[in-house]
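Worksheet: one structure, shown below.
The values are calculated or read from the model by the stated rules, or taken from the named source; none is laboratory data. Note that the coordinates shown come from a computational prediction; the quantities given were computed from them, not determined experimentally. Virtual Cβ from ideal backbone geometry, glycine too; neighbours counted across all protein chains shown.
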Amino acid sequence: MIRTGTAGDYLSHFGAAPEVTAHAPGRVNLIGEHTDYNDGFVLPSAIPQQAVIGLSRLEGDGVEVYASDLNEARAYRLGEETQTHSWIDYVQGVTQELVRDGHKLTGFRAHIRSDVPFGSGLSSSAALLVCLLRGLRELFGLPLDDVQVAQLARRAENGLVGANVGIMDQMACSLAQVGEALFLDCRDLTFERLKLPEDMDLVVLHSGVEHNHAAGDYNTRRAECERACELLGVASLRELGVEDLERVNALPEPLNRRARHVITENARVLETVAALRAGELGRVGELFTASHASMRDDYQVSVREVDLIVTLAEAEADVYGARLTGGGFGGSVVMIARHGTGRRAGERVAAEYARQTGRTPRLLMPAH
């Protein structure tokens, strides 16, 4: 993986070896979309692609950061973090939150590299934030556990970055592992590690359509959920179940559909967990299909290209089900397939998708 080259990358750019290196994976969400900021349930897993960082301390309060994937260098001073609407805001957001919490930092140099595709729905931003916090934790001896790292990462993204995301991505990048699903209750942050069945392949295909959670659509969906809660007289949509759908359906458009997606998606997460434990992969596939339809029609976060990938995947005999993964407005599709067939099925879907759209998809799992 790219982690092995981190020290050499730092050395070639800064002329000295880093004091510490750290890494964090991207994540694929199996099911449970837009439920995290509604205090609901989610089921993500780590992917092999990851963000990596090399760090060294500097005297004074200057911060120097180089992003090798962008071939860009930025600098700022601790305590003078200012929103720029660019990638450095993720770094600035982290240091701003750490200082606000009373953690003692000096200046530092950082070399960042990542093979989690930007805008893919696979948490490239959370991987960067968690990776940076892990590195700073080691560099400065910060007393932070993995859950606190996730919470700080979320605050940085909600704050200086300006993306009103929930806690799932940061928790997944901080705690999830490849080959396992992290069954997470976003209300109290309790979690369980669920080993994925050995007789299935997890397939992830990036559509090539990038999204941006700091842009308006994602934040609009969250505001719509908050308005639905006000009209329903609840603190969060987590308080409602499928037995409350009659009340929900009576809400004005589009609030009724937004709330209906969240409520039924929570139920689908619980059903998926039960089906995975029982090894009922056909049922998991059915739940994937229902989840995508809900995201497309009720939550309206899918796009034509993603819908095409899902349609092509479901035509594959070895694929149990497929759905949009991540916040939407582009990004990736997750599929489950019979063991040993996932790569070939994913390659066929990618080839036909490229033929029909002219876009260049990227098969991220199964990894080579």
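When restricted to residues that are touching a strand residue (DSSP E or B) at 6+ places or on another chain (Cβ under 7 Å) and either on the phi > 0 side of the Ramachandran plot or of a type in the set (Val, Ile, Thr) (or both), the range 39-93 contains 9. Every condition in (1) farther than 30 Å from residue 98 by Cα; (2) not assigned by TED's automatic domain parsing to the domain that holds residue 314 holds for residue 257 except the one numbered (2). Take residue 204 and tell me if it is outside the structural domain of residue 61 (by TED's automatic domain parsing), in contact with a Pro (Cβ under 9 Å, 6 or more places away or on another chain) and either under 18 Å from residue 53 (Cβ atoms) or β-branched (Val, Ile, Thr) (or both). When the stated conditions are applied, residue 204 passes them.
For first residues located in the range 253-266 and over 19 Å from residue 29 (Cβ atoms), partners that are crowded, with 19+ Cβ neighbours inside 10 Å and of a type in the set (S, T, N, Q) and lie 6+ apart or on another chain with Cβ distances below 9 Å form the pairs 257/294; 259/38; 260/294. Would you confirm, using the coordinates I've provided, whether residue 107 is at positive phi and either touching a Gly at 6+ places or on another chain (Cβ under 9 Å) or touching a residue at least 12 places away in the same chain (Cβ under 8 Å) (or both)? Answer is no for this residue. Only one entry of 18, 117 meets the criterion of being over 16 Å from residue 157 (Cβ atoms), in contact with a strand residue (DSSP E or B) (Cβ under 7 Å, 6 or more places away or on another chain) and buried (at least 20 other Cβ atoms within 10 Å of the Cβ), and that entry is 18.
A single entry from 57, 27 fulfils the requirement of being basic (Lys, Arg), assigned to a strand (DSSP E or B) and under 30 Å from residue 240 (Cα atoms): 27. In the range 1-19, the qualifying residues are those that are among the hydrophobic types (A, V, I, L, M, F, W, C) and under 17 Å from residue 127 (Cα atoms), and the one that is modelled with the lowest pLDDT is 1.
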